[in-house]
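Some notes on the structure that comes next.
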Amino acid sequence: MTAAPQAARRRERVAAPAPEARPSPRRKRPFLSRLREDYPLLLMCAPVVILLAVFMYAPMLGNVIAWMDYSPYVGILGSDFVGWWNFQRVVADPRFWHAVTNTLIITGFQLLFFFPVPIAMAILLNSVLTRRVRTVIQSIVYLPHFFSWVIVVSIFQQILGGAGLVNQFLRSRGLEAVEVMTNPDTFLLLITSQQVWKDAGWGMIVFLAALSTVDRSQYEAAAVDGAGAWRRIWHVTLPALRPVIILLLILRLGDALTVGFEQLILQRDAVGAGAAEVLDTFVYYSGIVYGDWSYAAAAGLIKGTVSLILVLGANKIAHVFGEAGVYQR
Amino acid sequence: MTTTVPRTSARVSEAGGAAARGPGRRRRHPDRPPYEAEPGPVAKTAKTTALTLIVLAVLVPLWTVVVTSLSTQAAINDAGGLVLVPGELTFKAYTDIIAGGVVTRAVGVSVFVTAVGTALSLAVAILTAYGLSRPGSLGHRPILFMLLITMFFGAGMIPTYLVVAGLGLIDSLWALILPTAVSAFNILIMRNFFTNIDRGILDSARIDGASEWRILGQIVLPLSKAVIAVVGLFYGVAYWNAFFNAVLYINDSAKWPLQLVLRSYVLQGQAVPGTTFDPSSLDGGQTAGLAIQMAVVVLAMVPVLIVYPFVQRHFSSGVMIGAIKG
């Protein structure tokens with residue numbers, strides 16, 4: 001194994017007539033010679049190819065059941081094709097549109113009230129001059145990101161729930177208890193604050209990194225031109241964050257139909273489907289819980305396809321505005 | 001916060017000298033650039049308050065959870081719920097849990113899934129990242145493309161479930177590992193790190209006759225400890241915290257990971273089906289079993305808290321290297 005690439009190289013050196021005869025050696029070399037040199041790399045990729053094929057690409061093909069009347073007893077091969085019937089059922093289902101509406105409302109709400117929080121926190125923390133203090137705060141606020149949703153919801157339940165810390169306090173003062181964990185009206189606020197608690201600190205990391213690359217002389221120049229602290233934030237700091245903000249906005253828009261699945265399914269029972277049903281929970285309940293496999297697969301496929309279009313579209317818009325986007329063309 | 005003792009005398013005389021001389025003036029922070037005015041008392045207080053509140057918002061809940069799990073039933077009753085100020089402390093909740101057996105078994109499942117899953121995922125990630133890291137190597141484009149697609153288009157829950165079920169993995173712990181073993185994001189972080197390693201070193205090793213395996217093992221890996229630590233933490237945390245896959249694929253409550261037991265005990269307030277250990281029936285009273293519930297929460301947090309301090313300093317270097325470039 002050790003000798004193979006070396007031998008290939010030696011042979012090649014003899015075969016090549018002159019260096020200028022093959023300006024880009026890698027491209028021009030015949031397939032077999034490249035294979036001989038690169039097969040270890042291909043071998044290293046084998047596990048990932050197998051895992052992706054089985055757990056990503058086979059399920060992608062498995063989506064054909066959306067066009068079938070799938071029954072687990074006869075399997076995919078034995079089930080009949082029914083054309084677009086399942087899709088028609090999904091589109092005609094008010095519960096589906098209810099889930100779509102809920103999903104979009106939650107995404108929109110979080111875009112307004114969660115998205116700016118890490119940016120503000122990054123700017124605030126960046127203004128802390130003492131390195132030690134900054135590092136300590138950073139490591140504390142990153143921490144909740146690494147706790148599971150079960151833990152986060154449990155903690156919220158203990159603090160805000162019916163028998164929780166806050167209500168104990170209110171009752172001991174003779175005040176009326178507020179039921180936050182089961183109230184559909186304040187559910188949006190609840191899940192957004194959970195998200196802020198869990199992920200705002202972590203979301204900061206990208207912005208802090210972008211801020212650390214800002215040239216200090218820009219601030220100095222702005223100050224010389226008479227810009228105060230706030231104007232420096234507006235004219236120097238925020239433009240420096242612009243590419244990152246746009247990138248994350250695109251990613252978020254592409255994920256517009258995906259909102260914290262685990263977070264919602266944990267609390268759906270307490271609040272009810274009215275407020276907490278999103279597309280993912282809809283697919284889960286109609287497929288796995290109620291066993292309407294083809295129907296759920298059709299709903300999931302609609303979601304996946306629209307998401308894909310959203311990502312590509314958002315990225316296109318970013319290119320139009322001259323930003324890098326997620327991938328380059 | 002900004003009145004720490006200056007570290008470098010040179011900068012003090014240059015930046016802080018004039019301000020420090022004035023009567024009643026605060027000393028300038030040594031890192032404060034000369035063009036920036038010293039913030040007034042209002043701005044300073046606002047900033048300090050905001051940062052303190054943010055830190056407290058993270059720490060206070062964790063603190064009460066830990067303290068409650070260690071408190072006696074009497075202390076919990078006195079506090080009327082979670083305990084903020086520790087009084088008499090006891091490990092009773094933890095000994096009860098161990099005696100109950102349910103949680104111990106769940107911890108075992110979670111540890112197994114996390115250890116095996118992380119090892120497998122890291123191995124696959126390292127191999128793939130290196131296999132894709134040499135520009136122009138044969139076939140790296142289609143494989144990279146295959147990986148990238150998974151970031152944009154998911155296969156969907158239902159077909160994935162059918163594949164896992166079709167492979168006979170329902171109620172097998174492998175169902176908690178294999179479907180999520182590949183994370184395109186983590187692999188791309190790693191690949192970016194590997195491609196940024198100086199090509200000269202790798203080329204000279206190649207000319208000296210080292211095989212790709214040897215280069216990976218003896219040159220690339222020792223240079224990549226930071227990124228491996230960070231990606232390892234990401235994988236480890238994902239496996240440890242995974243909860244929904246277990247809901248989907250594990251029906252047998254004897255094979256439940258800790259997160260599911262936690263949901264059952266704390267959020268649904270009930271025992272794990274098929275067991276006799278019911279945390280809400282212990283000790284009686286309104287808040288009975290709260291210490292036990294909190295002890296399970298703490299158990300679910302502990303591994304993260306142990307690993308986190310060691311990996312945390314690599315975050316900015318490890319994560320940021322091209323995480324965005326894709």
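The values are calculated or read from the model by the stated rules, or taken from the named source; none is laboratory data. What you see is a predicted model; the values in this text were computed from it and never measured. For neighbour counting, all protein chains shown are included, and Cβ atoms are generated from backbone atoms with ideal geometry for every residue, glycine included. Calculation scope for accessible area: heavy atoms of the full protein, side chains included, ligands and nucleic acids excluded. Shrake-Rupley method; radii C 1.70, N 1.55, O 1.52, S 1.80 Å.
A few comments on the model shown:
- Scalar couplings 3J(HN,Hα) for the stretch B:81-94, obtained by applying the Karplus form with A = 6.51, B = -1.76, C = 1.60 to θ = phi - 60°, are x, 4, 9, 8, 9, x, x, 6, 10, 8, 9, 4, 4, 5 Hz; x denotes Gly and Pro.
- Of the residues A:Leu32, A:Leu112, A:Leu253, the one that moves most in a GNM of chain A with alpha-carbon contacts below 10 Å is A:Leu32.
- For the stretch B:170-238, the solvent-accessible area works out to 38 Å² per residue, with a probe of 1.4 Å and every protein chain left in place.
- A:Leu189 - accessible surface, heavy atoms, 1.4 Å probe, Å² rounded to 10: 110
- Buried on assembly, the stretch A:164-179 (at least 30 Å² less accessible surface than by itself, 1.4 Å probe): A:Leu165, A:Gln168
- Based on protein heavy atoms only, the stretch B:46-146 ends up with 43 Å² per residue of surface accessible to a 1.4 Å probe.
- Area hidden from solvent between A and B (accessible, protein heavy atoms only, 1.4 Å, total, Å²): 8700
- Taking a span of 24 Å or more along the helix axis (Cα atoms) and a mean Kyte-Doolittle hydropathy of at least 0.0 as the rule, the DSSP H helices of chain A that qualify are A:31-52, A:94-113, A:187-212, A:293-320.
- GNM flexibility winner over chain A from A:Asn315, A:Asn102, A:Asn126 (Cα, springs under 10 Å): A:Asn126
- Accessible carbon and sulfur surface of chain A relative to its total accessible area, %, 1.4 Å: 66
- Within the stretch B:109-151, the residues that become at least 30 Å² less accessible when every protein chain is included than when their own chain is isolated (1.4 Å probe; DNA, RNA and ligands ignored) are B:Val124, B:Leu127, B:Thr128, B:Gly131, B:Arg134, B:Gly136, B:Leu138, B:Ile143, B:Met146, B:Thr150.
- CD proxy at 222 nm, helix term only [per DSSP H run n ≥ 4: -39500 (n - 2.57); per residue of the protein assembly as shown; nearest 500]: -19500 deg cm²/dmol
- Å² per residue, accessible surface of chain A at 1.4 Å: 50
- Shown for the protein assembly as shown: lysine pairs separated by 8 or more places, or found on different chains, whose C-alpha atoms are under 23 Å apart, numbering 4.
- Positive-end residue, the stretch A:60-193 charge dipole about Cα centroid, Cβ charges, pick of A:Val133, A:Phe109, A:Pro144: A:Val133
- Distant-in-sequence amide contacts of A:Met68, defined by a placed amide H-H separation under 5 Å and a gap of 5 or more residues or a different chain, comprise A:Val82.
- Apportionment of accessible area to carbon and sulfur, the stretch B:131-211, percent (1.4 Å): 64
- Each of A:Leu253, A:Gly203, A:Ser172 was placed along the dipole of the stretch A:157-314 (beta-carbon charges, centred on the mean Cα), and the one lying farthest toward the positive end is A:Gly203.
- Think of each Lys and Arg Cβ as +1 and each Asp and Glu Cβ as -1; about the Cα centre, that makes the dipole of chain A roughly 1860 debye.
- Drop in accessible area of at least 10 Å² in the complex versus isolated chain, residues of the stretch A:221-235, 1.4 Å probe: A:Ala223, A:Arg232
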